[in-house]
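> The structure under discussion is supplied below as structure tokens; questions concerning it will follow.
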Amino acid sequence: MNDEQPDKTNKARALRPDNDEFKAWIGSKWAEPEDLETTAMASAPFAAERRRRLSERFPGRRIVAPAGELKVRSNDTDYRFSPDRDFAYLTGLGTDREPSAVLVMEPADAGHQSTLYLVPPAGRDDDGFYSDPRSGEFWIGRRPGLEEFAAMTGIATKPLSELPSDIRLHAHPHKPVRRALAQMRLVKDEYEVQQLRDAVDATVAGFERVVGELPRAIAHKRGERVVEATFDGHAREEGNTVGYETIAASGPHATTLHWITNHGQVRVGDLLLLDAGVEVESLYTADLTRTMPVSGEFTDVQRRVYQVVLEAADAAFAAARPGVSFRDVHEAAMDVIERHLTEWGIVPESENPESKLFRRWMVHSTSHHLGLDVHDCAAAKRELYMDGPLAPGMVFTIEPGLYFKDDDLAVPAELRGIGIRIEDDVLVTEDGVENLSAALPREPDAVEAWMRTHRRG
């Protein structure tokens, strides 16, 4: 099948009149459209400062940041569009804006001159008004025009058709630019911190809604799917969407780190590990995890494991402050995990301390940066990410866990099938860290009381 065949098929299926009389008729007798919002976005001055800082790093070099293209889901149906995060960072545009757009920063006498190249909306005298399912107003609603985008972003705009011919539409920023942007994004500005606060608050409310739906989840043959749908629906109502695929893992599924199939039952007596985050319309996302007893009360063995994970998290919080590294935070949590597992007698003796055999039950890192991506700043140099000093304005997770798979013969039977993770989002301050997700209980007694408050039925 050649590339043109789907278009021919779609046109053949449309059965739409294609004559001058119809085109004149469908383009006539419309009321004057109401003006769209043309005030500057709250993000605009912050995005301008980011462009200025990036310009200083690359004097005399053209910088190109495309939003990306719509991606076909099936035949003529696209996935919901989400822009490239570097594009969003430099323009301040969020939600689903703007397919095919390209930000170009051309060298100028004083830094760079920025231009945003966009697909203009099809006017009502244009066939695309009714015939283009990707940009026509009949299909996707009214879109801002070039002048409106210029007013919102503070960036000069031009039609995409005027994009310089030597710029490839699908090109991403060169590796040094992407790395520079990742390093810039390590420290959040005032606007970003507020967006993350909003995302965390919305996520906490989503967790509360899940607890309210637990009786329905228990009664359903795919209770994990009930949990997922509850949170994901909340994310669409209160934000843009989820920041990543929701992990709704009950029972032994909680021992799979990224369990997103979510087709299992939610049974009384098991634990439910919910790892989820609301992405707000600016595209900043939260990332929280709580492990809760489905019955509303921890068993003795569940509480014993939970207390170890909580102690590890508390140790990481105590270590986190300006000047220390991610590695320091991670090691503080791992020291707790290693000590308790060794006391339990399940860690075999080793001649090499670097073997760290206890990591069989905690294989991931304790922290990652958070922002426009759930694992933000991934392109930053390792010496600035894992080994670089924490600085005020950084936002990251603290998320130790213990995972005893149900077929793990290295642990006592009572531990098998228990998976626990506690994850919070923290902001580095001048003298320590602030737990942005402190409203979501962590202590086991507090978790049980919280569940009693929000559970229905």
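The values are calculated or read from the model by the stated rules, or taken from the named source; none is laboratory data. What you see is a predicted model; the values in this text were computed from it and never measured. Because the Cβ atoms are built from the backbone with ideal geometry, glycine has one as well, and the counts that use them run over all protein chains shown. The area values use the complete protein model at the heavy-atom level, side chains included, leaving out ligands, DNA and RNA. Shrake-Rupley method; radii C 1.70, N 1.55, O 1.52, S 1.80 Å.
> Out of the strands (runs of 3 or more DSSP E) lying entirely within the stretch 1-111, which hold 3 or more residues that are in contact with an Asp or Glu (Cβ under 8 Å, 6 or more places away or on another chain) and at pLDDT 90 or above?
Result: empty, no element qualifies.
> Next question, about the same structure. Please specify each residue of the stretch 338-372 satisfying the condition of being exposed (fewer than 10 other Cβ atoms within 10 Å of the Cβ) and over 30 Å from the mean Cα position of the chain (by Cα).
Matches in the stretch 338-372: GLY345, GLU349, GLU351, ASN352, PRO353, GLU354.
> Within the stretch 373-403, can you find the residues that are surrounded by 15 or more Cβ atoms within 10 Å (Cβ to Cβ), in a loop (DSSP other than H, G, I, E, B) and within 15 Å of the chain's Cα centre (by Cα)?
Correct list: ASP373, VAL374, ASP376, CYS377.
> Go over the candidates GLY136, GLY128 one by one and state the one that is of a type in the set (Gly, Ala, Ser), touching a Phe, Trp or Tyr at 6+ places or on another chain (Cβ under 8 Å), buried (at least 18 other Cβ atoms within 10 Å of the Cβ) and modelled with pLDDT under 95. Walk me through it before giving the result.
Numbers: GLY128 fails: touching a Phe, Trp or Tyr at 6+ places or on another chain (Cβ under 8 Å).
None of the other options fit; the residue is GLY136.
> Condition first: surrounded by 23 or more Cβ atoms within 10 Å (Cβ to Cβ) and within 17 Å of TYR385 (Cα to Cα). Now tell me which residues in the stretch 404-427 satisfy that.
Once the filter is applied, which keeps residues that are surrounded by 23 or more Cβ atoms within 10 Å (Cβ to Cβ) and within 17 Å of TYR385 (Cα to Cα), the stretch 404-427 yields ASP425, VAL426.
> Same structure again: If I go through the stretch 254-273 residue by residue, how many of them are open to solvent by less than 50 Å² (accessible area, probe 1.4 Å) and either under 18 Å from LEU214 (Cα atoms) or without any contact (Cβ under 8 Å) to a residue 12 or more places away in the chain (or both)?
9
> Here are some conditions: (1) more than 18 Å from ALA254 (Cα to Cα); (2) at pLDDT 95 or above; (3) among the polar types (S, T, N, Q). THR299 meets all but one. Which one does it not meet?
(1)
> Tell me which residues, restricted to the stretch 189-206, are open to solvent by less than 10 Å² (accessible area, probe 1.4 Å) and under 19 Å from CYS377 (Cβ atoms).
Correct list: GLU192, LEU196, ALA199, VAL200.
> Just to verify a result, which residue in the stretch 309-355, among those that are of a type in the set (Lys, Arg) and touching a residue at least 60 places away in the same chain (Cβ under 8 Å), is farthest from GLY393 (Cα to Cα)?
To start, the set of residues in the stretch 309-355 that are of a type in the set (Lys, Arg) comprises 321, 327, 339.
Add one more test, that the residue is touching a residue at least 60 places away in the same chain (Cβ under 8 Å), and what stays is 321, 327.
On the way: ARG321: 11, ARG327: 18 Å.
Ranking the qualifying residues of the stretch 309-355, first place goes to ARG327.
> If we scan the stretch 314-324, do we find a residue that is within 29 Å of GLU237 (Cα to Cα), open to solvent by 20 Å² or more (accessible area, probe 1.4 Å) and modelled with pLDDT of 95 or more?
For the stretch 314-324, residues within 29 Å of GLU237 (Cα to Cα), open to solvent by 20 Å² or more (accessible area, probe 1.4 Å) and modelled with pLDDT of 95 or more: absent.
Quick grid of which residues meet (1) basic (Lys, Arg); (2) touching a Lys or Arg at 6+ places or on another chain (Cβ under 8 Å):
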position: ASN352; (1), (2): no, no
position: SER365; (1), (2): no, no
position: ARG382; (1), (2): yes, no
position: ASP387; (1), (2): no, yes
position: ASP407; (1), (2): no, yes
position: ILE422; (1), (2): no, yes
position: SER437; (1), (2): no, no
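> Evaluate the following for ASP328: is it within 30 Å of ARG382 (Cβ to Cβ) and open to solvent by less than 20 Å² (accessible area, probe 1.4 Å)? Spell out how you get there, then give the answer.
Numbers: within 30 Å of ARG382 (Cβ to Cβ): yes; open to solvent by less than 20 Å² (accessible area, probe 1.4 Å): no.
Spelling it out, it is not the case that ASP328 is within 30 Å of ARG382 (Cβ to Cβ) and open to solvent by less than 20 Å² (accessible area, probe 1.4 Å).
> Of all the residues that make up the stretch 63-95, how many are open to solvent by 70 Å² or more (accessible area, probe 1.4 Å) and touching a residue at least 24 places away in the same chain (Cβ under 8 Å)?
The number of residues fulfilling the criteria is 2.
> Considering (1) within 26 Å of THR366 (Cβ to Cβ); (2) of a type outside the set (Gly, Ala, Ser); (3) crowded, with 18+ Cβ neighbours inside 10 Å, say which one HIS234 fails and leave the rest.
(1)
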